[in-house]
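Trainee: Take this structure, written in structure tokens, and hold onto it; I'll ask about it next.
Derivation of every value follows stated rules applied to the coordinates shown; laboratory data play no part. Quantities reported herein were computed from a predicted structural model and do not represent experimental measurements. FYI the Cβ positions are ideal-geometry reconstructions off the backbone, even for glycines, and counts take in every protein chain you see.
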Amino acid sequence: MRLQTLIQFTLPSAILAQSPDTSLGSTLNVTVLGARHNRSTLECWALQSGFETSDIPGQTGSAALDLGTIGGNASFTVLPAGFDGGRHNAPALQWVVFLSGLAHITLPNSTTEAWMEGGKNGVILALDTADVSALGHFTVYPSQDRTTSVVIPLGEKGVPGHRVLHNGPCQGEELLV
């Protein structure tokens, strides 16, 4: 199953026909919970694949970015308001798409943090599995409302092609607005 059908950014066909489409930029920038030297990190990545015009029925003419195949069962998660996920590692290489609520991600040995608000900019790539990060990360959900997310394991191709934009989470203009 292709993730392109799960995450679709829609624009009118007339806008996509223009060259270039500056409203989305050329690709997706995403906050990545990775690891280096056995410690979890937060980085802002630009994925190498770019947006294309979709020809999928019901989405024809929209901007689409293929995120690869799913590597297992995807899940829908509902976390209660104020939930504390504690310190943990990513259980697998996975996309996490926050649909609603708020997630606050911190690192045990760093002051770097990410605030992920559910919605159009609530996508992270979680890669700090126990085999690459000794201490993992902390996640709390401080919203007064529950937080919902979709968790999607990466397929056999693994981590998508990318370039690191900088240390720390993507913010502001770097995100899809």
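Trainee: What percent does the relative contact order of region 23-118 come to when contacts are Cα pairs within less than 8 Å and at least six residues apart?
Mentor: 18
Trainee: Would you please report the Å³ per residue occupied by the convex hull of the alpha carbon atoms in region 51-177?
Mentor: Values: hull volume 17.7 nm³, N = 127.
Value for region 51-177: 139 Å³ per residue.
Trainee: For region 49-62, just list the computed ³J(HN,Hα) in residue order, Karplus coefficients 6.51, -1.76 and 1.60, θ = phi - 60°, integers in Hz, with x standing in for Gly and Pro.
Mentor: Coupling constants for region 49-62: 6, x, 5, 10, 7, 6, 10, 6, x, x, 10, 3, x, 7 Hz.
Trainee: What spacing in nm lies between the two simple spin-label points modelled at ARG163 and THR129, each 7 Å away from Cα in the Cβ direction?
Mentor: If labels sit at ARG163 and THR129, their model points lie 2.8 nm apart.
Trainee: Modelling each spin label as a point 7 Å along the Cα-to-Cβ direction, I'd like the ASP55/ARG36 distance in nm, to one decimal.
Mentor: Distance between the two pseudo-spin positions: 4.1 nm.
Trainee: Another one. Translational D (Stokes-Einstein, µm²/s) of region 115-177 at 25 °C and 0.890 mPa s when Rh comes from the Kirkwood sum over C-alpha pairs?
Mentor: Taking Rh from Cα pairs, D becomes 170 µm²/s.
Trainee: For region 119-174, which GluC sites (Glu not before Pro) are both in a DSSP coil and crowded by at most 10 other Cβ atoms within 10 Å?
Mentor: GLU156
Trainee: If packing is taken as the average count of other Cβ atoms within 10 Å, what order do 53-62, 99-108 fall into, highest mean first?
Mentor: Highest-to-lowest ranking by the protection proxy: 99-108, 53-62.
Trainee: Can you pull the Rg over Rh of region 72-128, Cα-only, Kirkwood?
Mentor: 0.93
Trainee: Over region 45-93, what relative contact order in percent results from Cα pairs under 8 Å that are six or more residues apart? Walk me through the numbers on the way to the answer.
Mentor: Details: 21 pairs, mean separation 10.9, N = 49.
Averaging sequence separation for qualifying contacts and normalising by length gives 22 percent for region 45-93.
Trainee: So which chymotrypsin sites (Phe, Trp or Tyr not before Pro) in region 81-116 are both in a DSSP loop and have at most 13 other Cβ atoms within 10 Å of their Cβ? Provide the component values of the computation, followed by the final result.
Mentor: Numbers: sites: PHE83, TRP95, PHE98, TRP115; in loops: PHE83.
Within region 81-116, no chymotrypsin sites (Phe, Trp or Tyr not before Pro) qualify (loop, at most 13 other Cβ atoms within 10 Å).
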